[in-house]
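Report on one structure; see the data block that follows.
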Amino acid sequence: MKPVLRASNLSKRFRKTNALDGVYLDIHPGEVVALIGRSGCGKSTLLRCISWLDEPDDGLVELEGKPFGREITAGGVVRRHSARQIAAMRPRLGLVFQALNLWPHLTALENVVRGQVVVLGRDRPTAEAKAAALLERLGLGRLLARHPQELSGGERQRVAIARALAMDPALLLFDEPTSALDPETVGEVLGLLRGLAEGGMTMLIVTHEIGFAARVADRVAFMDYGRIIEEGPAAQVLSSPREPRFAAFLDQVLRHRDTNGDD
Amino acid sequence: MDFDIDLFLQALPILARAVLLNLQLAAAIIVLAVLAATVLTLVRAAKWPPVSLVIDLLISMVRGTPLLIQIFICYYGLPAIGLNLSPIAAGILAISANSMIFLSEAMRGGLGGIEPGQVEAATALGLPSRAIWLRVVLPQLFTRILPILTAELTIVVKATALLSVITVVEVLRTAQQMSAATYRPFEHLLAAAVVFLVANLAIGAAGRVLEARLAAGRA
Amino acid sequence: MGFDVGVITKHAPALLDGALVTIQITILAFILGYAIGILMAVAALLPGRLPKIVVAAYVGTFRSVPFIITLFVIYYGLPFADIRLPAFMVGVVALAVFSGAYYTEIIRAAVQAVPRGQFDSARAVGMTYPQAMRHVIGPQVVRSVIPASTNTTLSMMKESAVLSSITIGELTYQGLIVQGETFAPFEVFAAVAVLYWTIAIAIAAAARWVEIRAGRAETKAVLRSRVAARYLSLDWRVRR
């Protein structure tokens, strides 16, 4: 089965540090991959490079088998894609930011509609129907006319997810979907993600919720200093890590979790 | 294009000396304006409805009419109701009044930025009203509006050029007199522009240095 | 000495003519000045140091020199470049160049104030740069630009009084003429002041209308502490 996403040898340098140091990652249709690691290990940079919001210094990305961002021509030359080419492929990649970045001057409904109309060229009635349906499914049926400033953190998170889903993506990327939420809402959002996963959505989730990764993810990848140190089936890798750094990280997180008593 | 650069260069030192009058006027005006604005703000804080209403109307009028007209009213209009002022006095009055209004509005904004908790604490400690103003509110207010004061000073310096219209012999009027004598207005007016440019850039720079010093002192 | 209203009513047409000219000048100078402001702001946001230096020089110059001098320099300088414009156009151009310096800073600051993430999310959904500007960044800039722009426009309208020095027949010029004929400076300038004030109110009202159309206007913050409000609030109309 062809991978939905194939990232090869992604590298990115900021000043003197290697934010990404040769990252390889495949994601197959229907898979849920959890990306975990300490802060600063390069998880967010990886998401930004995969979605070509930042251009990696080296490496290639393939989306549904097609090169994305840059390609190697028949003559072996690296050719950058134009902004238009990149924009055309972006709808297939749903990105939910840590900061959400909802558009404050638009209503919740319009946040989900605008992309469909402007980028995909759908007509307004269709776009609005789809947006309304999505937002209802996510429990926001009565909040369509509200602006993001009037919504709670969890509600905004769901609008952001709806906005990405409305574009009919092949893959959803999440950057720390629960880090800015209070404990009750965390559970709700994780349940939502689990629902999406069970519905067959392909997802790459950067998270620090190990328990969630254990229950919902098919594969887990651990990053440290810009490289993926260990990767494999969730249950196996989390219960018996092979890399010492990963084992130490899990140990630290579990110990902290026991003190907090949350799960 | 026959720009007489010698004439331009010769005019510069003369006009640089003339601009000193502008700067002196501006200094006097800003001091008056700050004092008057403080008093006005205190009066507004008392919130006596009839007084505050009149003040609001005056603010609206001063903010909605050109400074040049305000200067004309002080110079040409006041004698008609018995108050004869010299050009300089009329000019200082008009610009100070104008500046006072804008500064009071700036102070109103500055007040909004002070933490209410400070005033509550002072009241709870039993400080009398005067002490709260003098020791809690006003010091913070002045620190807050320092950048606005610098901006207002440049505005006042520029405003003094308008006094040339009511015969005050400051830098613009001097430049105009020199132009009349030589039939070459452009070189002299350009020199006047340069003089103002230098003066205001210097004031701006001095203001930034002062702000930095104050910020360092508070840190 | 009484206030002779008759003087005003007799010469009202002349003053109203002047007011009309002031309004025309203000509108034209606003359009031209804002166009300059947008161009300069775009230039200031381009990569590279040279555009930024040029824009900084433009902004710094016209904000440091009194408008009356800027006006004279342009008025007497244009013939040097073999450009001969009627006084009215010179006035409009001078006002536009002057106000443009302020508009530039306002627009540039507003664009830079939009969080970078907004641009990211627009791109993430597949919008091109022009689409992102039109649907996401632009609207946010417009809303934040209106208050400061209104302020500048009002200042520009008031500076237009200075145009009387190059014999443009706007309100101040007409006022000086009427005053010369009637020797009633107090009445005349009071009437002129009221006319300017009316124009200013109209501009402020127009700005509020634009603000409402562009999106929700900000609500005023209410100081909740009664005790603090005695010192820190000048709102005498609010019941506490």
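Here are the numbers for the structure shown:
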quantity: Single residue of C:TYR58, C:TYR75, C:TYR102 found to be within 14 Å of another protein chain (Cβ to nearest Cβ), closer than 21 Å to C:ALA148 by Cβ and buried (at least 20 other Cβ atoms within 10 Å of the Cβ); calculated: C:TYR102
quantity: Residues of the range B:148-206 classified as under 30 Å from C:PRO185 (Cα atoms), more than 11 Å from chain C (Cβ to nearest Cβ) and within 17 Å of the chain's Cα centre (by Cα), total; calculated: 2
quantity: Restricting the range A:108-123 to residues that are in a helix (DSSP H, G or I) and aliphatic (A, V, I, L, M), the residue that is nearest to the other protein chains (Cβ to nearest Cβ); calculated: A:VAL118
quantity: Index of the failed condition, A:VAL206 passing every other in (1) at pLDDT 90 or above; (2) of a type outside the set (Gly, Ala, Ser); (3) surrounded by fewer than 17 Cβ atoms within 10 Å (Cβ to Cβ); calculated: (3)
quantity: B:PRO79 without any contact (Cβ under 8 Å) to a residue 60 or more places away in the chain and not acidic (Asp, Glu); calculated: yes
quantity: Positions within the range C:172-186 being within 9 Å of another protein chain (Cβ to nearest Cβ), in a helix (DSSP H, G or I) and either in contact with a His (Cβ under 6 Å, 6 or more places away or on another chain) or not hydroxyl-bearing (Ser, Thr, Tyr) (or both), in sequence order; calculated: C:GLY175, C:LEU176, C:GLN179, C:PRO185, C:PHE186
quantity: Index of the failed condition, B:ILE5 passing every other in (1) under 23 Å from C:VAL192 (Cβ atoms); (2) surrounded by fewer than 14 Cβ atoms within 10 Å (Cβ to Cβ); calculated: (1)
quantity: Positions within the range B:116-170 being on the phi > 0 side of the Ramachandran plot and either in contact with a Cys (Cβ under 6 Å, 6 or more places away or on another chain) or free of Cβ contacts under 8 Å to residues at least 60 places away in the same chain (or both), in sequence order; calculated: B:GLY126
quantity: Single residue of C:LEU32, C:LEU71, C:LEU50 found to be of a type in the set (A, V, I, L, M, F, W, C) and under 15 Å from the mean Cα position of the chain (by Cα); calculated: C:LEU32
quantity: Residues that are part of a loop (DSSP other than H, G, I, E, B) and among the β-branched types (Val, Ile, Thr), drawn from the range A:161-216; calculated: A:THR178, A:THR202, A:THR207
quantity: Output for the range A:59-91, where each listed residue is outside any strand (DSSP E or B), more than 9 Å from chain C (Cβ to nearest Cβ) and out of contact with any helix residue (DSSP H, G or I) (no Cβ under 9 Å at 6 or more places or on another chain); calculated: A:GLY65, A:THR73, A:ALA74, A:GLY75, A:GLY76, A:VAL77, A:SER82, A:GLN85
quantity: Residue count, the range C:199-228 (criterion: surrounded by fewer than 12 Cβ atoms within 10 Å (Cβ to Cβ), among the small types (Gly, Ala, Ser) and either under 19 Å from the mean Cα position of the chain (by Cα) or modelled with pLDDT of 90 or more (or both)); calculated: 1
quantity: Residue under evaluation C:LEU85, criteria (1) within 14 Å of chain A (Cβ to nearest Cβ); (2) of a type in the set (A, V, I, L, M, F, W, C); (3) not in a helix (DSSP H, G or I), criterion not met; calculated: (1)
quantity: For C:GLU159: the one exception among (1) within 13 Å of chain B (Cβ to nearest Cβ); (2) without any contact (Cβ under 8 Å) to a residue 60 or more places away in the chain; calculated: (2)
quantity: Residue within the range A:161-168 that is charged (D, E, K, R) and in contact with a helix residue (DSSP H, G or I) (Cβ under 6 Å, 6 or more places away or on another chain) present; calculated: yes
quantity: Conditions (1) at the interface with chain C (Cβ under 10 Å from one of its Cβ atoms); (2) closer than 28 Å to A:THR207 by Cβ; (3) touching a residue at least 24 places away in the same chain (Cβ under 8 Å); number of the one not met by A:GLY42; calculated: (1)
quantity: Given (1) surrounded by fewer than 22 Cβ atoms within 10 Å (Cβ to Cβ); (2) assigned to a helix (DSSP H, G or I), index of the condition C:GLY169 fails; calculated: (2)
quantity: Residue check for A:LEU46: assigned to a helix (DSSP H, G or I), closer than 23 Å to C:ALA122 by Cα and modelled with pLDDT under 95; calculated: yes
quantity: Selection within the range B:115-147 - over 15 Å from C:LEU232 (Cα atoms) and at the interface with chain C (Cβ under 10 Å from one of its Cβ atoms); calculated: B:ALA124
quantity: The one condition in (1) basic (Lys, Arg); (2) more than 26 Å from B:ALA191 (Cβ to Cβ); (3) within 13 Å of chain B (Cβ to nearest Cβ) that C:ARG63 fails to fulfil; calculated: (2)
quantity: Single residue of the range C:22-35 satisfying the filter (of a type in the set (A, V, I, L, M) and surrounded by fewer than 20 Cβ atoms within 10 Å (Cβ to Cβ)) that is farthest from C:PHE98 (Cα to Cα); calculated: C:ILE23
quantity: Single condition A:LEU102 does not satisfy, out of (1) within 18 Å of A:TRP52 (Cα to Cα); (2) within 8 Å of chain C (Cβ to nearest Cβ); calculated: (1)
quantity: Subset tally (residues that are buried (at least 23 other Cβ atoms within 10 Å of the Cβ), assigned to a helix (DSSP H, G or I) and within 8 Å of another protein chain (Cβ to nearest Cβ)) for the range C:123-156; calculated: 2
quantity: Filter result for A:GLY76 (farther than 21 Å from A:MET203 by Cβ and modelled with pLDDT under 90); calculated: yes
quantity: Those residues of the range B:53-87 which are at the interface with chain C (Cβ under 7 Å from one of its Cβ atoms) and either at pLDDT below 90 or touching a Cys at 6+ places or on another chain (Cβ under 8 Å) (or both), in sequence order; calculated: B:GLY77, B:ALA80, B:ILE81
quantity: Helices (runs of 4 or more DSSP H) wholly inside the range B:41-155 that include at least 1 residues being closer than 30 Å to C:TYR173 by Cβ and not acidic (Asp, Glu); calculated: B:49-64, B:67-72, B:87-112
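The values are calculated or read from the model by the stated rules, or taken from the named source; none is laboratory data. For clarity, every value in this text was computed on a predicted model and none was experimentally measured. As a convention, Cβ positions derive from the backbone with ideal geometry for all residues, glycine included, and neighbour counts pool all protein chains shown.
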